[in-house]
Each structure stands twice: as structure tokens, then as C-alpha cells.
1. So, in segment 107-131, of the ones that are closer than 23 Å to Leu55 by Cβ and surrounded by 10 or more Cβ atoms within 10 Å (Cβ to Cβ), which residue ends up modelled with the highest pLDDT?
2. Go through segment 32-58 residue by residue and tally those that are aliphatic (A, V, I, L, M), farther than 11 Å from Pro3 by Cβ and not in a loop (DSSP other than H, G, I, E, B).
3. Of everything in segment 1-31, what is in contact with a helix residue (DSSP H, G or I) (Cβ under 7 Å, 6 or more places away or on another chain), under 12 Å from Ala43 (Cβ atoms) and either in a loop (DSSP other than H, G, I, E, B) or of a type in the set (Val, Ile, Thr) (or both)? Give them in sequence order.
4. Of a type in the set (Lys, Arg) and either in contact with a Gly (Cβ under 7 Å, 6 or more places away or on another chain) or at pLDDT 80 or above (or both) - does that describe any residue in segment 52-65?
5. Has segment 5-17 got any residue that is surrounded by 12 or more Cβ atoms within 10 Å (Cβ to Cβ), farther than 25 Å from Val109 by Cβ, at pLDDT below 90 and of a type outside the set (S, T, N, Q)?
6. List pairs: first residue in segment 37-48 and over 14 Å from Arg24 (Cβ atoms), second residue in a helix (DSSP H, G or I) and of a type in the set (Lys, Arg) anywhere in the structure, Cβ distance under 9 angstrom, at least six positions apart or on different chains.
7. Against the conditions (1) within 17 Å of Glu5 (Cβ to Cβ); (2) at pLDDT 70 or above; (3) outside any loop (DSSP other than H, G, I, E, B), where does Ser101 fall short? Just the number, please.
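The values are calculated or read from the model by the stated rules, or taken from the named source; none is laboratory data. Computed from a prediction, not measured in an experiment: that's the story for all the values here. Neighbour counts are summed over all protein chains in view; Cβ atoms, including those assigned to glycine, are modelled from backbone coordinates with ideal geometry.
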Amino acid sequence: MAPAEYQSSTSHSLSLHEPLRVHREGERRFAVRGTPGDCVAVAAGHLMREAPPELVLSGINRGANLGTEMVSRTDPRELDYHWLRLNRGPRDDAPDSETASLRAGHVTVTPLKFERTHDTARARLAQKLAG
């Protein structure tokens, strides 16, 4: 299952105002007009309900995702706006870095969890609010 259109930088977003339509693209290949999060929800909750996946790989992009992009868009008032992504200066990469692995032609995987709460910061805030 994959989004029908390019969906970089959509994070964990879900579609709320448009119906999700699943299109068969081949044997065991489907596309959804929605976000990557929509794809996981539809695949795990409907298409694979009887045998849910043990592992979900998401966020697979064309090219490297190394913060070197500039995104240009037009808002509803037809005004252009731009998002600049941080681009670090030249430096040698550690042999075990993601960038070095990509330059060597490897695929990189970053394990993430759905819960994005920063537990240490939350504990500090709770402590300050309590005292």
C-alpha cells in the first residue's frame, strides 16, 4: 500500500475531509489517494485485517531525505511561499552515519515509534507545575 501521489513531509497526518479510495495496482499492490498514515490505517485495518503486519515500513521517499530540499507552493490566494530545509555545511561523515551509508548505495532505515511525546520534558514540566 502506498499513497497515489507524492506525500513527502506529511508526517503522521490523516485525511479528514476527503474519502479514501483504494486502487489495485497489481497483485498485492494497492494505492490510496491519501497520506502515508492513511495507507497504514487502510492496509492494517481493512486489507490485512485477518493477518495484520508485524512490521510497517513507511516514509519511503524518492531520493535521500537529508534536509537539503526547498519546497515551493502556492496558497489559496495564489501567493507563493517557500519552506527552506536546513542544510548542514560540508563535513566528513562518520563511517557509520546515514549519509555515508547512502553515498555507498545502501538503504537506510530509522526505527521510530508512534508516540512522539518527549518523556523527559513532560516529566520536568509536571514537576515544575506540581511545585
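1. Filtering first and then ranking leaves Thr108.
2. Total satisfying the criteria: 4.
3. Met1, Leu20, Val22
4. No.
5. No, there is no match, as no residue in segment 5-17 is surrounded by 12 or more Cβ atoms within 10 Å (Cβ to Cβ), farther than 25 Å from Val109 by Cβ, at pLDDT below 90 and of a type outside the set (S, T, N, Q).
6. none
7. Status for Ser101: all satisfied but (1).
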